[in-house]
1. Ignoring ligands, DNA and RNA, what percent of the accessible area of the chain is carbon or sulfur (1.4 Å)?
2. Residue 83 versus residue 319, label points 7 Å from Cα toward the beta carbon: distance in nm?
3. Tabulate in residue order the Karplus-calculated ³J(HN,Hα) for segment 280-295, using 6.51 cos²θ - 1.76 cosθ + 1.60 with θ = phi - 60°, rounded to whole Hz; enter x for Gly and Pro.
4. If you take every DSSP beta bridge whose two residues both sit in the chain, what share of them, in percent to the nearest 5, is antiparallel?
5. Under 5 Å between amide H atoms, partner at least 5 residues away or on a different chain: which partners does residue 240 have, H built in plane at 1.01 Å?
6. Need the full-extension length gain, residue 307 to residue 267, defined as separation in residues times 0.36 nm minus the C-alpha distance. One decimal, nm.
7. Test of the criteria: in segment 58-163, which GluC sites (Glu not before Pro) are in a DSSP loop and have at most 16 other Cβ atoms within 10 angstrom of their Cβ?
8. Can you give me the relative contact order of the chain as a percent, contacts being Cα pairs under 8 Å and 6 or more apart?
Amino acid sequence: MTLEHNILDVQDFCVDYGYGESAVRAVSDVSFTLGASRVLGVAGESGSGKSTLVYGLTRLLRAPGVISDGEVTFTIGAEGDQRAFDLLAATEQDLRAIRWSHISIVLQSALSALNPMRRIGREFDEVLRTHDKNSSKESRHERAIELLAMVGLDADRLDRFPHELSGGQRQRIMIAMALALRPELVIMDEPTTALDVVTQREIVSELYELRRQLGFAMIFITHDLSLLVELADEIMVMYAGHIVERAAATDLYHAPRHPYTLGLMNSFPPLHGERKELSGIPGTPPDLKSLPAGCSFSPRCAYAMDICHSSKPPLVPVDETGRLAACWLHDPSHSHSVPVELARKHVRGVEAQ
Ligand code: SF4
């Protein structure tokens, strides 16, 4: 049996906006690994740092964003023939060779990513030709048709301009282009946010199927946790630039440990099952320039205790599954009971008190 290797290894990764004393930390000490062919979901509200994290990891960050610390190793190739890239030390030339071929990114708005003056067929042709200059026009055309079919679109879409397609069709085209060169890692930054709920769910189902067939690893960023539970193996929840909870997707979704995760879950309707009343999260995300002392979530947290206003909770294992959470409620050295909604057990899709 072949052991699955880690395609991405991120250690103590930090991103600042600005320099010197005016710098604001937007991503703080993020560490995780992603196995080949695995899906990591990253969830959080706007401003939680989730998009800044992946822009930083892939070196697409624009000034005044600065990577201020950490290590990022990207490893490709089969067992015994692996190549590791230090993404933070890679030259622009190295990065150009890696992007599209090994790591591709789908952004939230396909309309701004596609050139409005070009037919879709030309966009595909350019991506395919740039990375294989010896390919024939016919073979590129055939590959473009094959890619469109993978995302459920007819070949006639190649003759259209972006404005002649619906939002869902444009986003499917971006997904097809991201898969064009068979990358090992696909990053999706809120790819369905601008779409209606039905189209969102269709695209998530298609992505699940494509990932199963093609075996790429994926990082899927969203503010909607219910989308991730279908797609992700593991979910990382971010707040104010920090990971506040990380766990297997079903464990996290059905039995959250962090009050912010619970709040996110109560902000969106579930994909399936009974409708429930959505309570959301009171207040607004914090201003990174003036974070509260202690836990950054404390001003919005219904369970905040004295310690929460003075000491920052560390991200530590909180159960036997290896789940991590940064919340004083789960610290055994404090004598308080954990609210039942944050203490549920979860075993293979079944909730139990
Ligand atoms: Fe709420 Fe305190 Fe936990 Fe922060 S540490 S999430 S304020 S209970």
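The values are calculated or read from the model by the stated rules, or taken from the named source; none is laboratory data. On a predicted model such as this, the values are computed, not experimentally measured, just so you know. So basically every Cβ, Gly included, is an ideal-geometry build from the backbone, and we count neighbours across all protein chains shown. What goes into the accessible areas is simple: the full protein's heavy atoms, side chains included, and nothing from ligands, DNA or RNA. Shrake-Rupley method; radii C 1.70, N 1.55, O 1.52, S 1.80 Å.
1. Working: 8600 of 17270 Å².
Solvent-exposed carbon and sulfur of the chain make up 50 percent of the total.
2. 4.2
3. x, 10, x, x, 10, x, x, 7, 5, 6, 9, 5, x, 5, x, 6
4. 65
5. none
6. Roughly 11.7 nm would be gained on extension.
7. Numbers: sites: 71, 79, 92, 123, 126, 138, 142, 146; in loops: 79.
Listed in order of number, the matching sites are 79.
8. 18
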